[in-house]
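Presented below is the structure to which this report refers.
The values are calculated or read from the model by the stated rules, or taken from the named source; none is laboratory data. Predicted, not measured: the structure shown is a model, and the values here were computed from it. Here Cβ is always computed from backbone atoms with ideal geometry, including for glycine, and neighbour counts include all displayed protein chains.
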Amino acid sequence: MADVEAKERRILVAVDEGEESINALSWCLKNVVSKNSQNTLILLYVKPPLVVYPALDGGHGAGYLFSADVMATMHKYNNDLAESVLEKAKRVCKDLQNVKVETKVEQGDPRDVICEKTEKLGADVLVMGSHGYGFIKRALMGSVSNHCAQHVKCPVLIVKRPQH
């Protein structure tokens, strides 16, 4: 039989500051990334939207509660955090062979952005960590992984926190 060229697989891994996402990435590298096919691993970090509060005087005065300096500091912090998270994730991937690693930084509600980017980037599978929130906290805050599992068209792999 002639060798059939393996189709490239696009694996999107959502990463954030939590150890759960690095655990999910590590698990993905051991169990999902195939040595026999070309893989593109897309590391996606979603910066939360900056919350801007209107002035407390009903909007008739100075405009916003935060000065331009404070806003610039918040932007710099968010950018530095994104860079730090992606550098950590790339270190986990440093010894990979036959795997192209791409990084993407987006801003917005993680639930919506992850779903949108999974579709737009043509991911074959979405890998996410689970924070392991209980029922009440999940009901109040919503679960990013549950939302994505319900709205993404490709398979979604949710990696649970390891039991210690």
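Tabulated data
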{"quantity": "Matching residues, segment 85-101, being out of contact with any helix residue (DSSP H, G or I) (no Cβ under 7 Å at 6 or more places or on another chain) and under 12 Å from A14 (Cα atoms)", "calculated": "V85, L86"}
{"quantity": "Unique residue being farther than 20 Å from A89 by Cβ and either at pLDDT 70 or above or not basic (K, R) (or both) when the list is V4, V33", "calculated": "V4"}
{"quantity": "Checklist (1) within 29 Å of E8 (Cβ to Cβ); (2) modelled with pLDDT under 85 applied to A82, failing item", "calculated": "(2)"}
{"quantity": "Residue satisfying all of: in segment 86-144; at pLDDT 85 or above and of a type in the set (D, E); nearest to P48 (Cα to Cα) among these", "calculated": "D109"}
{"quantity": "Subset of segment 91-103 (residues that are surrounded by 15 or more Cβ atoms within 10 Å (Cβ to Cβ) and not hydrophobic (A, V, I, L, M, F, W, C))", "calculated": "T103"}
